[in-house]
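Here's the structure we're looking at; comments come further down.
The values are calculated or read from the model by the stated rules, or taken from the named source; none is laboratory data. Remember, predicted model here, so these are calculated numbers, not experimental data. Virtual Cβ from ideal backbone geometry, glycine too; neighbours counted across all protein chains shown. With ligands, DNA and RNA removed, areas are computed over all heavy atoms of the protein, side chains included. Shrake-Rupley method; radii C 1.70, N 1.55, O 1.52, S 1.80 Å.
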Amino acid sequence: MKDGKITKKIYILSGAGLSAESGIKTFRDHDGLWENHSVEEVCSVEGWERDRQKVSDFYDARRADLENKEPNAAHIALANLKKTYPNNIVMLTQNVDDLLERAGCPEVIHLHGTLTDLRCESCKTEFEVGYESQEGKQCPECHSDNVRHNVVMFGEDAPKYAFLNVLTRAADMLVVLGTSGQVINTASLAQAVKNSIISNLDADPSIDGYFQTAIHEPATTGVPKVVMMIEEYLILENQVV
Ligand code: APR
Ligand code: ZN
């Protein structure tokens with residue numbers, strides 16, 4: 001507490017498991033296929049250079065698919081938490097869907113980009129495309145038609161990973177939700193933060209052991225429980241003068 005304000009910083013990092021019950025496929029649960037494509041084929045620089053049309057068609061299909069998906073109870077619980085404690089919650093996600101935003105969550109930080117935007121290859125401007133195909137779209141800044149999906153691919157920089165470095169120094173609590181930890185090393189993040197919770201459908205002893213609390217159930221029931229634990233932690237700080 002400082003001048004009556006809660007100062008604790010809770011970093012929440014979510015993955016594909018958060019959106020699984022909204023009907024969006026995870027990356028590795030289906031024999032390592034993402035919508036029947038290998039991640040390498042549609043989410044790597046090599047795959048992109050090999051067949052740009054196939055990759056663009058893939059993201060067009062993901063965007064069209066996303067339009068009729070709905071946020072689930074986990075997205076809604078997180079959105080309400082962030083709205084209640086805007087200065088204490090840092091909402092990081094590996095997901096490229098917009099379900100947290102559609103649940104009303106402000107300031108979502110997408111570490112791997114966003115499906116509902118495109119990026120200009122000429123001037124790097126990111127602009128909104130919604131759920132439409134990228135076919136025929138032009139950059140609103142330089143009017144180039146050399147535009148691509150705004151999803152970070154393997155083999156590319158992920159500039160927003162800078163938030164992960166800050167997290168290891170600034171977080172009072174790390175909360176990891178619905179991610180296998182195969183890409184962002186959640187076990188090593190947990191070792192750098194005093195208080196840590198993981199909530200995942202599947203147990204993974206090689207990762208769970210680094211967290212103070214591990215919950216193994218679907219996000220729609222597990223995440224609301226975790227949100228309550230976070231609120232208790234914040235309220236407790238409120239009582240400790
Ligand atoms: N509720 C909670 N967790 C779930 C659910 C569910 N209903 N269904 C699956 N999970 C968990 C699985 O146990 C698994 O740990 O979600 C995780 C999904 O893991 P991945 O498919 O590897 O997805 P993710 O961890 O988000 O992948 C990270 O890899 O391909 C890249 O850029 C891509 O952002 C992605 C990154
Ligand atoms: Zn441009």
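Worth pointing out:
- Enumeration of residues in segment 197-228 that are open to solvent by 60 Å² or more (accessible area, probe 1.4 Å) and not in a strand (DSSP E or B): L201, D202, A203, P205, S206, G209, Y210, Q212, T221, K225, M228
- Residue selected from segment 99-133 under the condition small (G, A, S) and surrounded by fewer than 15 Cβ atoms within 10 Å (Cβ to Cβ), by the criterion farthest from ligand 1 (Cβ to nearest atom): S122
- When segment 25-45 is filtered for residues that are surrounded by 14 or more Cβ atoms within 10 Å (Cβ to Cβ), modelled with pLDDT of 80 or more and aliphatic (A, V, I, L, M), the ones remaining, listed by number, are V39, V42.
- Of the residues examined, V96 is one that is assigned to a loop (DSSP other than H, G, I, E, B) and outside the structural domain of H143 (by TED's automatic domain parsing).
- Subset of segment 158-184 (residues that are within 16 Å of the chain's Cα centre (by Cα) and part of a loop (DSSP other than H, G, I, E, B)): A158, G178, T179, S180, G181, Q182, V183, I184
- Flag for L66 being open to solvent by less than 40 Å² (accessible area, probe 1.4 Å) and more than 13 Å from ligand 1 (Cβ to nearest atom): yes
- In segment 142-157, the residues that are of a type in the set (A, V, I, L, M, F, W, C), within 16 Å of ligand 2 (Cβ to nearest atom) and either in a helix (DSSP H, G or I) or open to solvent by 20 Å² or more (accessible area, probe 1.4 Å) (or both): C142
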